[in-house]
Amino acid sequence: MSRIYSCGILGLGSSLPEKVLTNFDLEKMVDTTNEWIMKRTGISERRILEKDVPAHELGVDAANKALKDAGISAEDLDLIIVATETPDYLTPSTSCLIQSRINAKKAAAFDLNAACSGFIYGLTVADQFIKSGYYKYVLLIGCEGLSKITDWEDRNTCVLFGDAAGAAVLGRVEDGYGIMSTYIGADGDLGKNITAPCCYLSCEDIEVRTRDNKRVLWMDGGEVFKFAVKVMEHGTNKVLEQSNLTLEDLKLIVPHQANIRILDGAAKRLGVSKDKIFINLHKYGNISSASIPVGLNEAYEGKMFTKGDNLVLVGFGGGLTWGSALVRWSK
Ligand code: ACO
């Protein structure tokens, strides 16, 4: 029988646009207040790409940083997976654009869309390629330019999102370390609660979700909120159970950052103290698939965990989708 390898994170990197859009800036754009946004979401500011800058620029920057951290060259990569719900083009994929820019000549490349759960979906896919021995090095990037599909006249959504990319190089690690377990799922019946039309608009889209047929992100926040709190708890417990671990064995949970009230609700349901949950959403808002790798990189740079520590990464989003992973840090 051929050998099963252990797959782990060899390097991390992230990239954020320089332009900061504060709640006070938004007060001048739509009927909202800093107080409402802080109280209802916990978000204070977000980073926004300039109009003429494509989102994959952030992906290139994050990828180069992750490669440097991993100590490998782009030429070593076998595969690039980009998780995104905001590709700059339908074709070429963002992964192909990045492959060209970083000169990863031998790497295959594809995009994957599971909205805010995309990084965990990508981690699950990469894990299979590495474990089986099919590939040695996979670059996974969560790369989003949400400002480009935001309706800047809709106060219900425009206060929530930002732009960013986060990257991880995945490869073989010592046995007993790395990705111990992953869990992904979807409920397409709930998909109508977060939509961003592309090549098609249904009558329902036109009647309910698109103002002036704008192809922008629309969300029923309340419905997503209820779903989010439940799957954060369920996803965390599921990967703990699959890894034969309990909450006491966990060093840190790095969740998708959408709303502070979702994180508080999930902490309460799980029965964990809030200091076990990494939070940076006040600075960046909801950056979709970039949220978990950017958060993980900040926690890593801040030395919030060390080799052997157990981490849970957990997310939810459009689709509706969810995903979680248990990672035993390996470097
Ligand atoms: N400023 C002031 N008032 C506002 C604003 C705003 N920015 N936005 C909404 N309101 C108003 C509404 O119009 C409503 O007024 P009304 O009562 O007169 O009708 C009132 O505030 C309450 O609105 P709700 O939507 O009930 O507010 P809620 O407390 O649910 O917060 C929010 C909304 C922040 C969107 C929340 O529901 C949420 O975070 N949901 C989860 C979103 C999420 O997690 N998405 C993740 C996936 S996203 C992806 O995949 C890209």
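The values are calculated or read from the model by the stated rules, or taken from the named source; none is laboratory data. In this text the structure is predicted, and so the values were computed from the model without any measurement. Because the Cβ atoms are built from the backbone with ideal geometry, glycine has one as well, and the counts that use them run over all protein chains shown. For accessibility, only protein heavy atoms count, side chains too; no ligands or nucleic acids. Shrake-Rupley method; radii C 1.70, N 1.55, O 1.52, S 1.80 Å.
Across the range 211-232, which residue is nearest to the ligand (Cβ to nearest atom) among those that are part of a helix (DSSP H, G or I) and open to solvent by 50 Å² or more (accessible area, probe 1.4 Å)? Across the range 211-232, the extreme among qualifying residues is Phe225. Among the residues of this structure, Thr236 counts as one that is under 17 Å from the mean Cα position of the chain (by Cα), among the polar types (S, T, N, Q) and not assigned by TED's automatic domain parsing to the domain that holds Asp154.
Condition check ((1) open to solvent by less than 70 Å² (accessible area, probe 1.4 Å); (2) more than 16 Å from the ligand (Cβ to nearest atom); (3) in contact (Cβ under 8 Å) with a residue 24 or more places away in the chain) across all residues:
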{"position": "Ser15", "(1), (2), (3)": "yes, yes, yes"}
{"position": "Thr22", "(1), (2), (3)": "yes, no, no"}
{"position": "Thr41", "(1), (2), (3)": "yes, no, yes"}
{"position": "His56", "(1), (2), (3)": "yes, yes, yes"}
{"position": "Gly71", "(1), (2), (3)": "yes, yes, yes"}
{"position": "Ile81", "(1), (2), (3)": "yes, yes, yes"}
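Taking the conditions (1) over 26 Å from Thr41 (Cβ atoms); (2) open to solvent by 10 Å² or more (accessible area, probe 1.4 Å) in turn, Asn156 satisfies each one other than (1). The residue of the range 271-321 that is farthest from Asn156 (Cα to Cα), among those that are open to solvent by 50 Å² or more (accessible area, probe 1.4 Å) and among the basic types (Lys, Arg), is Lys307. Annotation: Phe129 fulfils all but one of (1) under 16 Å from Ala83 (Cβ atoms); (2) assigned by TED's automatic domain parsing to the domain that holds Asn237; the unmet one is (2).
All of Glu50, Glu85, Glu75, Glu57 fail the test of being in a loop (DSSP other than H, G, I, E, B) and over 16 Å from the mean Cα position of the chain (by Cα), apart from Glu50. Taking the criterion of being in a strand (DSSP E or B), more than 14 Å from the ligand (Cβ to nearest atom), in the same structural domain as Asp52 (by TED's automatic domain parsing) and at pLDDT 95 or above, would at least one residue in the range 141-150 satisfy it? Checked the range 141-150: at least one residue is in a strand (DSSP E or B), more than 14 Å from the ligand (Cβ to nearest atom), in the same structural domain as Asp52 (by TED's automatic domain parsing) and at pLDDT 95 or above. Of all residues in the range 195-210, those that are open to solvent by less than 30 Å² (accessible area, probe 1.4 Å) have Cβ atoms under 6 Å from Cβ atoms of residues that are aromatic (Phe, Trp, Tyr), 6 or more apart or on another chain, in Thr195/Trp218; Arg209/Trp218. No other residue among Gly171, Gly235, Gly176 is in a helix (DSSP H, G or I) and at pLDDT 95 or above apart from Gly235. Scan the range 248-268 and tell me whether some residue there is open to solvent by 30 Å² or more (accessible area, probe 1.4 Å), part of a loop (DSSP other than H, G, I, E, B), modelled with pLDDT of 95 or more and over 20 Å from Thr182 (Cβ atoms). The answer is no; no qualifying residue exists. Quick check: is even one residue across the range 298-315 assigned to a helix (DSSP H, G or I), more than 16 Å from the ligand (Cβ to nearest atom) and hydrophobic (A, V, I, L, M, F, W, C)? Looking through the range 298-315, at least one residue is assigned to a helix (DSSP H, G or I), more than 16 Å from the ligand (Cβ to nearest atom) and hydrophobic (A, V, I, L, M, F, W, C). Considering (1) part of a helix (DSSP H, G or I); (2) touching a residue at least 40 places away in the same chain (Cβ under 8 Å), the lone condition that Ala165 does not fulfil carries the number (1). Scanning the range 157-195 for residues that are in contact with a strand residue (DSSP E or B) (Cβ under 7 Å, 6 or more places away or on another chain) and within 14 Å of the ligand (Cβ to nearest atom) gives Thr157, Leu160, Phe161, Gly162, Asp163, Ala164, Ala186, Asn193, Ile194, Thr195.
Counting the residues of the range 4-47 that are of a type in the set (Lys, Arg) and either outside the structural domain of Leu90 (by TED's automatic domain parsing) or in a helix (DSSP H, G or I) (or both) gives 2. Taking (1) within 18 Å of Gly166 (Cα to Cα); (2) buried (at least 23 other Cβ atoms within 10 Å of the Cβ) in turn, Ala107 satisfies each apart from (1).
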